[in-house]
Amino acid sequence: MVDPALALTVSVQQAMGAAFGREYAGADPVVRPANKKQTTADLQVNAAMALAKQVGRPPREVAQAILDHLDDDGLIAAAEIAGPGFINVTLSTDWIARHTSDMLASDRLGVEAVEHPERIPVDYSSPNVAKEMHVGHLRTTVVGDSLVRTLEFLGHEVFRQNHVGDWGTPFGMLIEHLLEAGEDSDEARLLEDDPNEFYQHANAKFKAAEGDSANDFDDRARRRVTLLQGGDADTMRHWDALMERSKAYFNKVYAELDVTLTDDDLSGESQYNDELAEICDDLEARGIARIDNGALCVFLDGFVGRDDQPLPLIIRKSDGGYGYATTDIATVRHYSRDLLADRAVYVVGATQNLHFRMAWAAADKAGYIRPETTPIHVQIGNVLGKDSKLLRTRSGDSMKLQYFVDQALERAATVVAESRPDLPEDVRATIAQQVGIGALKYADLSVAHDSEYIFDLDRMLALTGNTGPYLQYATARIRSILGRADAVDPSGPIVLTEPAERALALRLLDFGAVVHQVGETLQPHRLAAYLFDLAQHFTAFYEQCPVLKAEDAVVRSSRLALCALTEKVLVRGLSLLGIQAPDQM
Ligand code: ARG
């Protein structure tokens with residue numbers, strides 16, 4: 001175990017058990033970073049205050065009893081009781097050095113797998129077929145992909161669920177339009193390049209036909225919906241053709257963004273189609289749903305609309321059609337009943353929160369969610385323009401995802417051309433790709449997933465500040481130091497004499513705890529913040545401690561080992577965010 005806070009937690013728990021009886025050995029001793037304004041200590045233990053009430057003794061006395069029973073295995077250099085009963089702990093520099101070396105020698109950089117691996121479907125990205133992916137999908141894709149990478153690294157069993165919108169009434173007109181244009185036409189190819197265009201054309205045709213009795217496109221489209229719902233073989237073949245083109249579009253975007261989703265992860269709305277009638281019948285038969293104004297509705301406790309009227313969840317419209325809510329009842333049932341989810345994670349826009357809460361409440365009422373399953377909505381906030389308004393095109397549509405990707409890549413190419421004119425063009429192109437996509441992703445990941453942020457390419461691509469390119473640059477700089485030291489073995493041993501070395505080592509040891517926190521809280525911005533802070537610790541170290549010019553061979557080798565470990569942590573951390581680290585920048 002390389003994490004000092006965790007090591008201290010375990011030791012204090014043992015001491016509490018030894019001092020006050022075994023029932024206290026499991027309590028959280030509340031180990032926190034020490035308050036740097038008041039002490040030079042590293043960590044602080046706050047256990048005594050709460051424990052004092054339980055055992056009926058003064059907190060400082062309780063703190064002393066903990067210290068008397070503490071067997072720390074060399075972890076602690078000094079411990080003192082302060083204020084009402086805090087224990088300030090200064091860690092042993094030897095312990096830090098030893099564990100930093102262990103971390104460098106470990107493939108997993110000392111990050112242990114979770115003790116209890118969970119089964120976790122992660123519903124993310126989930127664009128709509130024959131519609132352009134927009135900037136909202138960019139963020140659900142980027143945040144979701146970072147979460148699956150992190151959860152898998154921690155040893156959980158992850159089921160990627162790309163819940164694409166591939167079903168519903170618009171598919172009637174889309175199929176008819178595809179049939180008229182021909183499956184190999186330029187129009188059909190739009191589905192891969194500019195799907196919105198294809199959708200608009202189909203929609204325009206439909207609208208025109210509705211007002212024109214001589215034109216039966218609208219009737220054919222409606223008939224096609226019925227055929228589709230009935231599973232008509234010929235219609236399904238056309239639907240497949242539509243899907244093939246759409247998959248090509250999604251995959252192009254995923255490849256460009258370096259996202260781990262593949263066709264195997266597609267698990268769209270169509271997959272649940274056959275269950276919707278059964279679910280409605282079941283809920284109606286059991287009195288959980290009833291007809292209201294022709295629609296089949298579930299009334300749930302705690303959901304009221306305006307004027308305090310109960311807010312019904314419509315699961316079958318008065319025309320017999322099923323909606324998004326019914327599909328999500330089937331979806332959560334699948335995650336719980338078939339995938340045996342412990343946590344079922346939905347990385348979806350914050351605006352859909354009420355929808356999910358109602359669909360899950362209905363599913364829960366029906367007993368479709370096993371008690372072992374916790375559905376969680378990882379709410380994704382909006383991306384705003386510089387005017388702090390929602391990003392929209394002039395015609396009021398959401399901005400296309402591709403527009404942002406193109407812009408970021410273009411700017412990155414300019415940045416790299418300016419900073420590294422010496423490199424051959426193909427090398428620069430690779431770096432620009434990594435930097436552009438890295439900047440885009442990091443902007444999504446470095447703010448809390450549920451807060452809004454302003455899309456500002458200048459800031460996102462800056463080489464200073466909390467940006468993707470800054471972290472990539474920091475990594476490349478360390479690689480260049482290591483590259484110039486080819487004759488030196490960077491495996492240590494690590495010896496820590498300077499305060500900046502010690503501070504860097506201590507921060508490196510936090511890596512595992514941060515990754516575990518992301519796995520628990522599903523908040524990748526904690527990892528981003530850690531990596532940024534780590535890079536700053538490295539800069540302070542590098543300013544204060546000569547590495548290649550260190551005169552003593554042992555010191556030089558130790559500092560190189562610190563460089564090597566920082567590089568490994570940055571690269572691994574960035575990869576958990578889904579961001580590549582260029583070799584040079
Ligand atoms: N297709 C939806 C959209 O674009 C997102 C689907 C999210 N997942 C779900 N199970 N409802 O907004």
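The values are calculated or read from the model by the stated rules, or taken from the named source; none is laboratory data. Note that this is a predicted model, so its numbers are computed, not measured. For neighbour counting, all protein chains shown are included, and Cβ atoms are generated from backbone atoms with ideal geometry for every residue, glycine included. Areas reflect the complete protein model, heavy atoms only, side chains present, ligands, DNA and RNA absent. Shrake-Rupley method; radii C 1.70, N 1.55, O 1.52, S 1.80 Å.
Of all DSSP-defined beta bridges confined to segment 265-419, some 60% are antiparallel rather than parallel.
Using the Cβ-Cβ distance between residue 240 and residue 14 with R0 = 56 Å, the FRET efficiency computed as 1/(1 + (r/R0)^6) comes to roughly 0.35. How far is helix 4-20 tilted off the main Cα axis of the chain, in degrees rounded to 10, range 0 to 90? Rounded to the nearest ten degrees, it is 70.
Here's how it looks for residue 292: its modeled amide H is under 5 Å from those of 297, which are all 5 or more places away or on a different chain. Measuring nothing but how far apart in sequence close Cα pairs (under 8 Å, 6+ apart) lie, relative to its length, segment 189-287 scores a relative contact order of 26 percent.
In this structure segment 440-585 gives 38 Å² per residue of accessible area when probed at 1.4 Å with all protein chains present. Farthest towards the positive end of the charge dipole of the chain, among the residues 246, 51, 442, is the Cα of 51, using unit charges on the Cβ of Lys, Arg, Asp and Glu. Quick check: the angle from helix 353-365's long axis to the longest principal axis of the chain, C-alpha only, nearest 10 degrees? It works out to around 80 degrees.
For the pair residue 27 and residue 262, label points projected 7 Å from Cα toward Cβ lie 5.1 nm apart. Once both labels are positioned 7 Å from their Cα atoms along Cα-to-Cβ, the gap between residue 584 and residue 90 label points is 4.5 nm. Remark: segment 236-369 carries a charge dipole of roughly 220 debye about the Cα centre, counting +1 on each Lys and Arg Cβ and -1 on each Asp and Glu Cβ. Taking the Cα atoms only, what angle lies between the long axis of helix 170-181 and the longest principal axis of the chain, rounded to 10 degrees? Roughly 70 degrees, rounded to the nearest 10. Under the shape rule built on the C-alpha gyration tensor, where the axes satisfy a ≥ b ≥ c, the chain is oblate, since a/c reaches at least 1.5 while a/b does not exceed b/c.
For the chain, the share of DSSP beta bridges that are antiparallel, to the nearest 5, is 55%.
For the pair segment 6-44 / segment 353-428, the C-alpha centres are spaced 40 Å from each other. Only one residue of 354, 272, 97 has its Cα farthest out toward the positive end of the dipole of the chain, where Lys and Arg carry +1 and Asp and Glu -1 on Cβ, and that residue is 97.
Summing Cβ point charges (Lys, Arg +1; Asp, Glu -1) relative to the Cα centre of the chain gives a dipole of roughly 1700 debye. Full extension of the chain segment joining residue 521 with residue 392 gains 43.3 nm, where the gain is 0.36 nm per residue of separation less the Cα-Cα distance.
Probing with 1.4 Å while keeping every protein chain in the model, the per residue accessible area of segment 263-379 equals 47 Å². Of all accessible surface on the chain at a 1.4 Å probe, what whole percent is carbon and sulfur? So the carbon and sulfur contribution to the accessible surface is 49 percent. The gain in end-to-end length when the residue 222 to residue 36 segment is fully stretched comes to 60.1 nm, 0.36 nm per residue minus the alpha carbon separation.
Calculated FRET efficiency, residue 354 and residue 549, Cβ-Cβ r, R0 56 Å, to nearest 0.05? Rounded to the nearest 0.05, the efficiency is 0.35. How far is the Cα center of segment 128-167 from the Cα center of segment 519-548, in Å? Cα centroid of segment 128-167 versus Cα centroid of segment 519-548: 27 Å apart. Is segment 478-585 rounded, prolate or oblate when judged by the Cα gyration tensor, a ≥ b ≥ c being the square roots of its eigenvalues, rounded requiring a/c under 1.5 and prolate requiring a/b larger than b/c? Taking the square roots of the gyration eigenvalues as a ≥ b ≥ c, segment 478-585 is prolate. Rounded to the nearest 20, the size of the Cβ-charge dipole of segment 454-564 about its Cα centre is 120 debye, with Lys and Arg at +1 and Asp and Glu at -1. On the beta carbon distance between residue 193 and residue 6, with R0 = 56 Å, the FRET formula returns roughly 0.65.
Please compute the contact order of the chain in relative form: average sequence separation of alpha-carbon pairs under 8 Å and at least six residues apart, divided by the residue count, as a percent. Relative CO of the chain lands at 15 percent.
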